[in-house]
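Read-outs: derived from the displayed coordinates by stated rules, not from any lab. The structure presented is a predicted model; accordingly, all values stated were derived computationally and were not measured. Methodologically, a virtual Cβ is constructed for each residue, glycine included, from the backbone with ideal geometry; neighbour enumeration extends over all protein chains shown.
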Amino acid sequence: MYRYDEFDHDYVRARVSEFRDQTQRRIDGALTEDEYKPLRLQNGLYLQLHAYMLRVAIPYGTLNSRQMRTLAMIAERWDEGYGHFTTRQNIQYNWTRLTDVGDILDALADVEMHAIQTSGNCIRNVTADHFAGAAADEIEDPRPTAELIRQWSTAHPEFAFLPRKFKVAVTGSPNDRAVTKAHDIGLRMLRNAAGEAGYEVIVGGGLGRTPMIGKVIRDFLPKDDLLPYLEAILRVYNLHGRRDNKYKARIKILVHETGIEDMRAQVEAEFERQMHEEGGPLVAPDPVQVARIESYFAPPAFEVLPDRSETLEVAMANDAALKTWVENNTSDHRASGHAIVTVAIKGTGEAPGDATTAQMRVLATLGERYSHDELRISHEQNVILPHVRKDDLPAIFSALRKAGLASANAGLITDIIACPGLDYCALATARSIPVAQDLSRRFAAPERAAAIGNFTIKISGCINACGHHHVGHVGILGLEKSGIENYQITLGGDHTETMAVGERAGPGISAEEVGPAIERLVDAYLDTRVDETERFIDTYRRIGAEPFRQALYAA
Amino acid sequence: MPIITDTGFAPDDDLALLCLDDLTDSTGQAALDLPLDADPDAVPRHFDRLTHIVIPFPGFADGRGFSLARRLRALGYRGRLRAAGHLIPDQYAFARFCGFDEVQISSEQADRQAESQWTIHTRALPPFLRRRTGGWTQPAT
Ligand code: HEM
Ligand code: SF4
């Protein structure tokens, strides 16, 4: 895990006092509301429907037990006993009082955390594969890159007032768990023919009201050139991105309107200019700092174990629930005898991503005891124990069961992503949490969910698409039609390396109709799939939308 | 319209500004008013005769000026660089890092935001820049 140096410590503290001072200047009238707002947002503080919301960054989704306990403490002391894990590896507190914000930020700084740049028209919290450093399929750990970008982008003097927000994601695996193609910049680590490490650079992806799949702007960027190249992209965007219309201000629109060829030429010219600047590029990474960062992400000392755990096999033979959970919620680890555990924050009838204080503390303890003191937050709003011995899985399962966190549904139909929607969000046109809750009850039976297999449902409460509905196998978008909630269904989306934007199935349906319609759709899929290895998305690609459209609208 | 530098407020110097089109090879020393949508590559041939380049900030949330300033410094401009219009004290350090030497604001704003609010700007220096000594500011010649 990364550890702050004196500069990080100083800076995070200075930011807290700076924000207290900014708030004071707002109260004095030295800053107008307009002038204060972006400063507030760049410190993670939103004004929502009922209260302020504080969004805390969990850089690239990695945290330790101490940090998780602080998140729990904040929820207990300054919120209503829970926090909400988001699709961008942040945690949101929905009931923050303005007068507490300084104290909360200080408490975060105590454990090397912050809320800096989790909002506003700046470079946001950088996200990464939540299985980083653990996944069996990984080429290289993406987190040193993500940390370098965090450092470079924090209070970047040139890029704090961009046309719009800017999101970067990094993956080190060919299996893209970081949704890189739906980001302003996506970086995929790879090796060239000579075996050198570098990145494929993807630009201009995004969801929101105009979903776009990112385009490759550079096939192979050597590692050392990363920051000057990012700087070049950002400079072109900052100078030429649209500022006349906030809905057209993301880089995806600039890329779309300029064309990727022309965009590439401009970026490469800017990059060349920097590489030839007097004294070399200003943001060339300092090798000492890069080495320092990398050393912090060195893998923990994994015990050498046989890959098959007899303890686990015996326990699974005696406990069917454990077996189902292991099958669904663990993934291959790079070290033999180890596994990656996904703790689904998706209990039946609960709001996706909401974790209580008690649950956060249980997770902290499990991380400390069984996972080399590491935890991760995934963009699927789940918590990951990345480095677990298979021998320990039965004990972990039993602890999770006691805490109400043992849902065996990772990757299954009830592993739903949903944004806060009308329950919290000022921009919402419809509720999303109750829809998720209803669906999770309908498919609660573990055997049924297991029979359906991998199936992603993603729900947003308005066109901004925070719930990623465009890239769900089934996407649900809550709109409003003459004062009544109306849900539009999209089919065939995919958030992985084979990313696709779902297609609208037809006219919107009412809130009560969503559950039954999805059940009919699922039945139609089960009736038509070749066998249980054919996922819904595969069947959809094979036979098209029509049969599913008929099922959805059969009532 | 006061001018702000690291030493504080100073009165307006009423610079006479020329536009890019006014500059010819026979123009003497001049101060240039460079709009945000100008092509920065058209400026270097005049660098030697420019004492000042003034970049407008139509609103503080419009960050184009920061990139334009960086670009001009990267192209080798060594004269004075001024940001004029609506910036807030919290952006002063950003402006300096991007290569500006000074900021000019309206009198209304100067009344509202006292000098001391502008001059304690270095309190939150970004760590990335602190790690590399020197930062980005190039002194004016
Ligand atoms: C509740 C307060 C929230 C507000 C006011 C809000 C606002 C917005 C807006 C306006 C957009 C569209 C931006 C654009 O397309 O330019 C957006 C997109 C997005 N938000 Fe939120 N959001 C909120 C909560 C969340 C939460 C809880 C999550 C994670 C679960 C989230 C994650 C995202 C993502 C992933 C995108 C879309 C992808 C993209 O950047 O294109 N937001 N949000
Ligand atoms: S999608 Fe809309 S309703 Fe949902 S959180 Fe985003 S802005 Fe709010």
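Which of the listed residues, A:GLN266, A:GLY206, A:PHE159, is farthest toward the dipole's positive end in region A:142-295, when Lys, Arg count +1 and Asp, Glu count -1 at the beta-carbon?
Comparing the listed Cα positions along the dipole, A:GLY206 ranks first.
Post the alpha-carbon centroid distance, region A:464-520 to region B:58-117, in whole angstrom.
For region A:464-520 versus region B:58-117, the Cα centre distance is 45 Å.
Quick one: longest stretch of chain A between exposed loop trypsin sites (Lys or Arg not before Pro), exposed meaning at most 14 other C-beta atoms within 10 Å and loop per DSSP?
Within chain A, the longest run free of exposed trypsin sites (Lys or Arg not before Pro) spans A:309-555.
Considering the protein assembly as shown, which cysteines have no disulfide-compatible partner, defined as another cysteine with its Cβ under 4.7 Å away?
So far as the 4.7 Å Cβ criterion goes, A:CYS122, A:CYS425, A:CYS462, B:CYS19, B:CYS98 stand without a partner in the protein assembly as shown.
Could you grab the relative contact order for chain A? Cα pairs under 8 Å, six or more apart, rounded to a whole percent.
Value for chain A: 12 percent.
Arrange the peptides B:90-100, B:109-119 so that the one whose residues have, on average, the most other Cβ atoms within 10 Å appears first.
With the highest mean Cβ count within 10 Å placed first, the list reads B:90-100, B:109-119.
For a test of the definition: using alpha carbon positions, the gyration tensor, and the 1.5 limit on a/c, classify the protein assembly as shown as rounded, prolate or oblate.
Note, shape of the protein assembly as shown comes out prolate.
Taking the Cα centre of chain A as origin, sum charge times position over the Cβ atoms of Lys and Arg (+1) and Asp and Glu (-1), and report the length of that vector in debye to the nearest 20.
The dipole of chain A has a size of about 1240 debye.
Just subtract the alpha-carbon distance of A:ASP137 and A:THR528 from 0.36 nm times their residue separation and send over the number in nm, one decimal.
Computed gain between A:ASP137 and A:THR528 is 137.6 nm.
What is the gain in length, in nm to one decimal, between A:SER482 and A:ASP262 on full extension, counting 0.36 nm per residue of separation less the C-alpha to C-alpha distance?
74.9 nm
Quick check: residue separation of A:VAL288 and A:GLU512 times 0.36 nm, minus the Cα distance between them. What number comes out in nm?
Full-extension gain reported as 74.8 nm.
Give the distance, in whole Å, between the Cα centre of region A:21-86 and the Cα centre of region A:211-230.
31
Counting pairs of Cα atoms in region A:417-552, how many percent are more than 27 Å apart?
Distances greater than 27 Å cover 14 percent of the Cα pairs.
Considering the dipole of chain B built from charges on the beta carbon (Lys and Arg +1, Asp and Glu -1) around the Cα centre, which of B:PHE97, B:PHE128, B:ALA30 is farthest to its positive end?
Looking along the dipole axis, the top candidate is B:PHE128.
For B:PHE57, what residues show an amide H to amide H distance below 5 Å, using hydrogens built from the backbone and excluding near sequence neighbours?
Counting only residues 5 or more places away or on other chains, the set is B:ALA84, B:GLY85, B:HIS86.
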